[in-house]
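Structure first, then comments.
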Amino acid sequence: MKAEREIFNPPVGKGSKKSRALGLDAQGIQKTMRPYHYLGDGAAQVALNSINGLIGMLTYFYTDKVGIAAATVGTIMLITKFINAIADLLMGRIVDATKSKYGKARPWILWMALPTLASIILLFTVPAEASSTVKTFYALVTVAFASAIVYTGIAIPFGSLMAIRTRSVEERGKMGLTRTIFGYIIGMIIAIALIPITNMLGGDQKAWIIVAVVLGIVSFISLILTFLASKENNAGASIVESDNIPFLESIKLLFQNKYWVIMLFAQLLINMLYTLNGSTGIYYTKYILGNENLIGIMGAVGLVPVFLGFVMVGPMIKKFGLTKTARIGMILGIVSSLIRCFMPYNFIAAIVLGGIATLATIPMMAVGGVLVNNTVEYGEWKTGKRLVGMVNSANSFGVKIGMGLAAAMIGWILAMGNYDGASVTQPDSAITSILALTIYLPLVIFILTYICLRKYDLDEKYPQIVKELEERLNP
């Protein structure tokens, strides 16, 4: 066991001269990463957000390009979301049990490269002349393959790699920020450029397939780059200890980790907010502001706080630490959303205060994964078992539930307000429902997420926990 442990993770003091030359972080933990490591690590986010972004556009593609009924598309997405959530839990157990010459998480980045290329292309090769039943079955299978197998097969190991790559909170913070930037850039490219590019290429199914081939190749290359730039050299981490833990016992151990439970709820809530923000803007501009074309203006102006957030979050993490940075973001969101409650029909308030609320989500977007992975060390310190894959997969399960709940709540709340999509005007009850979705509910979520983060005080304890874990491994 000891020999195997040292193959994956050389103990402190036995690392290479290059590693020692990087020095220690502010908490006295050995650094292991150089600038090209961060860039290589972040590249995998291109593949993840390409899959995610393209799946988000499938409703339009299925209904307008290949003729699948909208209600059928909704059912497909609901079924695959459920399959995806279950797959997350299974993938975590698989990662914890993986043994290869490349480690536990890293090899999956390589193994998923070719399936990623195939899955992205297959999403858009629906047999156009087939019956509706064949089209529906094809769509269900290919979306399930892309999301539940390929996306999950990358996302869980990729999240786990952060905990295995380094124990330095400073380096994990930089990894989280780099990943967020890579992911946001490719996500924005897909959101903004996909329709114009496909229209330029003819606007038919063939045009979508051409774009899918390009994105598939880019995603394939990005995963290879991440694999080459990654290592599993988390000094002192006895990652093989979780190999033989039964699945149900792993779940029980997770719920003994109070910081993991806190982050489960925090991530669930913040992903509800992301879903609401991404799905309800069109209702606000059309029925509250009276002009649905304003959604484009608000989206373009909304890029300013996003880029500002990316510039600010690095220095904020360095000055305040991970958790305080996320808390500051939540406070900013609470204040801006609260003020907006008093001027819900004001376009300028929507632009300015809505922009500030968007800015408020960037810190949590950047550090959420880091805060989750920091709970790995606490769980190992508390229980003696290191559950890297399960920590990430079970948390991802919570994220998917949050996104699903938010998507469902949009329909439920609109229905409660007697919203009628076929009507040019809406009753007052529907207007109230739209305001609830776009202003009041986000305020509540900001408050609840802040409360969760107030309970997360692991940052202060983390250096001592790492020190004690190293002493256990090298007495």
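A helix-only calculation puts the chain at -24500 deg cm²/dmol for mean residue ellipticity at 222 nm, using -39500 (n - 2.57) for each DSSP H run of at least four residues, averaged over all residues. Mean separation of Cα pairs under 8 Å and 6 or more residues apart, divided by the residue count, gives the chain a relative contact order of 24 percent. Rg over Rh for segment 147-188 works out to 1.03, both radii taken from alpha-carbon positions and Rh defined as the Kirkwood radius.
Maximal additional length on extending the ASP457-ILE297 stretch stands at 53.6 nm, based on 0.36 nm per residue less the C-alpha distance.
Heavy-atom accessible area with a 1.4 Å probe sorts ASP428, ASP459, largest first, into ASP428, ASP459. Ligands, DNA and RNA aside, ASP457 has an accessible area near 60 Å² when probed at 1.4 Å. Extension gain for VAL352 to ILE79 (0.36 nm times residue separation, less C-alpha to C-alpha distance): 94.5 nm.
Computed from label points 7 Å out along Cα-Cβ, the spacing between THR63 and MET409 is 2.3 nm. Annotation: extensible slack from SER132 through PHE265 equals 43.9 nm (criterion: 0.36 nm per residue apart, minus Cα-Cα distance). Compared with the dominant Cα axis of the chain, that is its longest principal axis, helix 258-279 is turned about 30°.
Of the listed residues SER100, SER393, the order by accessible area with a 1.4 Å probe, largest first, is SER100, SER393.
Note on THR72 and LYS319: with the Förster distance fixed at 56 Å, the Cβ-Cβ geometry gives a FRET efficiency of about 0.65.
Label-to-label distance for LEU248 and MET416 is 3.7 nm, based on points extended 7 Å past Cα in the beta-carbon direction.
If I take R0 = 51 Å and measure r between the Cβ atoms of CYS341 and ARG34 in this structure, what FRET efficiency does the formula 1/(1 + (r/R0)^6) give, to the nearest 0.05? Efficiency computed from Cβ-Cβ geometry: 0.60. Using alpha-carbon positions, what is the distance between the centroids of segment 48-122 and segment 338-369, in Å? One Cα centre to the other: 30 Å. Accessible area ranking (1.4 Å probe, heavy atoms, ligands and nucleic acids excluded), largest first, for ARG340, ARG34, ARG386, ARG454: ARG454, ARG34, ARG340, ARG386. Relative to the longest principal axis of the chain, what angle (0 to 90°, nearest 10) does the C-alpha long axis of helix 303-320 take? Between the helix axis and the principal axis of the chain, the angle is about 20 degrees. Distance between the pseudo-spin-label points of ILE447 and ILE86 (7 Å out from Cα toward the beta carbon): 3.8 nm.
Residue-normalised convex hull volume from the C-alpha trace of segment 87-237: 117 Å³ per residue. Counting only alpha carbon atoms, the long axis of helix 35-56 and the longest principal axis of the chain meet at about 30°. Rg over Rh for the chain works out to 0.97, both radii taken from alpha-carbon positions and Rh defined as the Kirkwood radius. Couplings for segment 82-96, taken from phi via the Karplus curve 6.51 cos²θ - 1.76 cosθ + 1.60 with θ = phi - 60°, read 5, 4, 4, 5, 5, 4, 4, 5, 5, 5, x, 5, 5, 4, 4 Hz in order; Gly and Pro are left as x. Across segment 407-416, coupling constants 3J(HN,Hα) worked out from phi with the 6.51/-1.76/1.60 Karplus curve, θ = phi - 60°, read 4, 5, 5, 4, x, 4, 5, 5, 5, 4 Hz, and Gly and Pro carry x. With protein chains left intact and a 1.4 Å probe, residues in the chain average 43 Å² of accessible area per residue.
The values are calculated or read from the model by the stated rules, or taken from the named source; none is laboratory data. From a predicted model like this one, the values you see are computed outputs, not experimental measurements. Glycine also receives a Cβ, built like all others from the backbone with ideal geometry; neighbour counts cover every protein chain displayed. Heavy atoms of the whole protein, side chains included, go into the accessibility calculation; ligands, DNA and RNA do not. Shrake-Rupley method; radii C 1.70, N 1.55, O 1.52, S 1.80 Å.
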